[in-house]
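Following: one structure in structure tokens, then a few remarks.
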Amino acid sequence: MSTSVSKASLDKILQNIHKYSPYPSRVQIVAVTKGFSYHAILSALSNKLYCIGENRVQEFLQKKTNLPNQKFESHLIGHLQTNKIKKAAETFNIIQTIDSIKLATKLNQHMIKVNKKKHIFIQINIGNDPNKYGFLAKNIFSQIEQIEQMSNLIIKGTMTILPFLEKNKNTEHLFAKMRTISTDIKHKISPTCLNVSMGMSRDYIYALKQGSTHIRIGTLLYGTR
């Protein structure tokens, strides 16, 4: 199992960003280092990948002890349990997986206690997948309005994890739907909602075409776990 970024794969991803994204300068590659040692993070940083995605709070905390002087932006991209809110808030720069009013409320309460603000993405279950977390599209705007009123949370974007589809091209209409919803949120509710986190190793090109600003890439960079 490799902990080094494949330079050939990275070069290809960068080429595709410029080829397919309508605004390539805005696209961030989130290097997904879950399941790998802290060396994977060091390799990402040495390749100028400064957004790091991790799924579990405790796993990332252990890695951080080996990275005391490294500067990067950490993203929680895995499901956040309410009993891990305090640790997650202390550990990650951005929490991409705010998937319920209950979770947002508890996080906001904690941030008020510590007198800080937290950047978040709103997770939307755009494919209505019963196996995925996230708000459903049908009532997303009323829920976003509630979160926008929470004093110590700043909505920086939306994110989605699609259901597994046999053909990658079938994902593009869901990515397009995400882009439309995100644009509406930005214009009608939350002007800070500028980002859309969608697309992973197998389908990121389709996400880029539909305006993804954060593509979450693990397997293509590091190989299989």
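Below are the figures for this structure:
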quantity: Among 79-87, 216-224, 93-101, the order from most to least packed when residues are scored by Cβ within 10 Å on average; calculated: 93-101, 216-224, 79-87
quantity: Sparse-neighbour loop sites [chymotrypsin sites (Phe, Trp or Tyr not before Pro); the range 74-183; at most 12 other C-beta within 10 Å; DSSP]; calculated: 164
quantity: Rounded if a/c under 1.5, otherwise prolate or oblate - the chain, Cα gyration tensor axes; calculated: oblate
quantity: Sum of -39500 (n - 2.57) over DSSP H runs of 4+, divided by residues of the chain (222 nm, nearest 500); calculated: -11500 deg cm²/dmol
quantity: Solvent-accessible heavy-atom area per residue, rounded to whole Å², over the chain at 1.4 Å; calculated: 49
quantity: Coil-residue chymotrypsin sites (Phe, Trp or Tyr not before Pro) of the range 24-77, DSSP, other Cβ within 10 Å capped at 16; calculated: 50, 72
quantity: Under 12 Å, Cβ to Cβ, from residue 60 - net charge with Lys/Arg +1 and Asp/Glu -1; calculated: +3
quantity: Most mobile listed residue (111, 178, 159) in the chain, GNM with C-alpha springs under 10 Å; calculated: 111
quantity: Filter on 19/188; 7/117; 84/209 - keep pairs with C-alpha separation over 32 Å; calculated: 7/117; 84/209
quantity: Share of carbon and sulfur in the accessible heavy-atom surface of the chain [1.4 Å probe, %]; calculated: 49
quantity: Percentage relative contact order, the chain, counting C-alpha pairs under 8 Å, at least six apart; calculated: 22
quantity: Alpha-carbon centroids, the range 118-167 and the range 6-69: separation in whole Å; calculated: 23
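The values are calculated or read from the model by the stated rules, or taken from the named source; none is laboratory data. Given the structure is predicted, the values throughout are model-derived calculations rather than measurements. Cβ: placed from backbone, ideal geometry, glycine included. Neighbour counts: every protein chain shown. Just so you know, the surface numbers come from the protein's heavy atoms only, side chains and all, with ligands and any DNA or RNA stripped out. Shrake-Rupley method; radii C 1.70, N 1.55, O 1.52, S 1.80 Å.
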